[in-house]
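What follows is a single structure, written as structure tokens, with notes after it.
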Amino acid sequence: MTEISRRGLLLVMSSPSGAGKTTLSRRLLAADSNIAMSVSVTTRPPRPGEVNGRDYHFITQDEFARLRDRGDLLEYAEVFGNFYGTPKRPVLEALQAGRDVLFDIDWQGTQQLAQAMPEDLVRIFILPPSAEELRERLIGRAQDSSATVAKRMAKAADEISHWPEYDYIVINDELDLASAEIYAILRAERLRRRRRVGLTQFVRELTKDL
Ligand code: 5GP
């Protein structure tokens with residue numbers, strides 16, 4: 001098979017919590033070996049079950065400030081009093097090697113990535129099919145008080161307001177369908193001319209003897 005070498009891409013998936021983003025990310029990572037999750041640094045403490053280096057790199061405020069001031073973070077944001085950021089080097093290495101990187105970052109980080117690397121970025125926003133469905137998913141997730149669920153719903157409305165800043169909107173009504181749509185987006189974006197850096201050479205060879 002003819003393989004044209006290409007630059008990797010950055011795939012951001014954002015959504016309000018409860019829209020099914022985690023499940024959709026896991027499916028994508030399982031379905032395709034050429035995309036890997038970006039592991040962020042954070043100053044928030046690990047939750048039970050979280051593994052340092054897999055879920056996040058858990059670091060101190062001082063370490064975070066050092067990374068940020070040295071320009072080692074591609075983007076960063078403060079969310080609920082904690083700092084989060086994307087280490088720059090692994091991302092640049094992946095792109096260079098033709099590997100894709102998946103991000104679970106909020107809209108603030110997405111805006112910074114769009115500034116820093118507009119050509120490499122593909123943004124997907126995932127929406128729940130209805131307010132009713134979102135409420136059920138938020139209630140189903142934990143035995144929280146109705147006040148907590150109401151707070152989450154208000155936060156969801158805030159996050160959803162950023163949908164026009166994304167390239168693709170996927171409505172997660174049926175998991176298999178939403179998964180297939182996300183994979184279709186990834187496959188098509190991989191074929192964009194500007195990423196396929198091997199095309200010039202390929203076409204040169206192709207037309208040499210015409
Ligand atoms: P959590 O603490 O629940 O893991 O994440 C809280 C929020 O921070 C989520 O909305 C998540 O998408 C966002 N987040 C996680 N890592 C990063 C990052 O590296 N940069 C930015 N901008 N947001 C992040």
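A quick yes/no check of all residues on (1) away from the ligand (no atom under 13 Å from the Cβ); (2) open to solvent by 30 Å² or more (accessible area, probe 1.4 Å); (3) touching a strand residue (DSSP E or B) at 6+ places or on another chain (Cβ under 9 Å):
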{"residue": "28", "(1), (2), (3)": "yes, no, yes"}
{"residue": "36", "(1), (2), (3)": "yes, yes, yes"}
{"residue": "42", "(1), (2), (3)": "no, no, yes"}
{"residue": "57", "(1), (2), (3)": "no, yes, yes"}
{"residue": "61", "(1), (2), (3)": "yes, yes, yes"}
{"residue": "67", "(1), (2), (3)": "no, yes, yes"}
{"residue": "83", "(1), (2), (3)": "no, yes, yes"}
{"residue": "104", "(1), (2), (3)": "no, yes, yes"}
{"residue": "109", "(1), (2), (3)": "no, no, yes"}
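Please go through the range 69-81 and give me each residue that is near the ligand (Cβ under 6 Å from one of its atoms) and touching a residue at least 40 places away in the same chain (Cβ under 8 Å), ordered by number.
Answer for the range 69-81, where residues must be near the ligand (Cβ under 6 Å from one of its atoms) and touching a residue at least 40 places away in the same chain (Cβ under 8 Å): just 75.
Give the residue, chosen from 204, 123, 187, 152, that is open to solvent by 60 Å² or more (accessible area, probe 1.4 Å), in contact (Cβ under 8 Å) with a residue 60 or more places away in the chain and either among the aliphatic types (A, V, I, L, M) or not in a loop (DSSP other than H, G, I, E, B) (or both).
Just a single option satisfies the conditions, and that option is 152.
If we keep just the residues of the range 126-149 that are within 14 Å of the ligand (Cβ to nearest atom) and surrounded by fewer than 17 Cβ atoms within 10 Å (Cβ to Cβ), which is modelled with the highest pLDDT?
Checked the range 126-149; the qualifying residue modelled with the highest pLDDT is 141.
Taking residue 194, is it touching a residue at least 60 places away in the same chain (Cβ under 8 Å) and either open to solvent by 20 Å² or more (accessible area, probe 1.4 Å) or part of a strand (DSSP E or B) (or both)?
Yes: the conditions hold for residue 194.
From the list 78, 50, 93, pick out the single residue that is among the acidic types (Asp, Glu) and assigned to a strand (DSSP E or B).
78
The values are calculated or read from the model by the stated rules, or taken from the named source; none is laboratory data. The shown structure was predicted, so the numbers you read here are calculated from the model rather than taken from an experiment. No Cβ is skipped: glycine too gets one built from the backbone with ideal geometry, and neighbour counts run over all protein chains shown. Ligands, DNA and RNA are stripped out before the accessible areas are found, and what is left, the full protein with its side chains, is counted by its heavy atoms. Shrake-Rupley method; radii C 1.70, N 1.55, O 1.52, S 1.80 Å.
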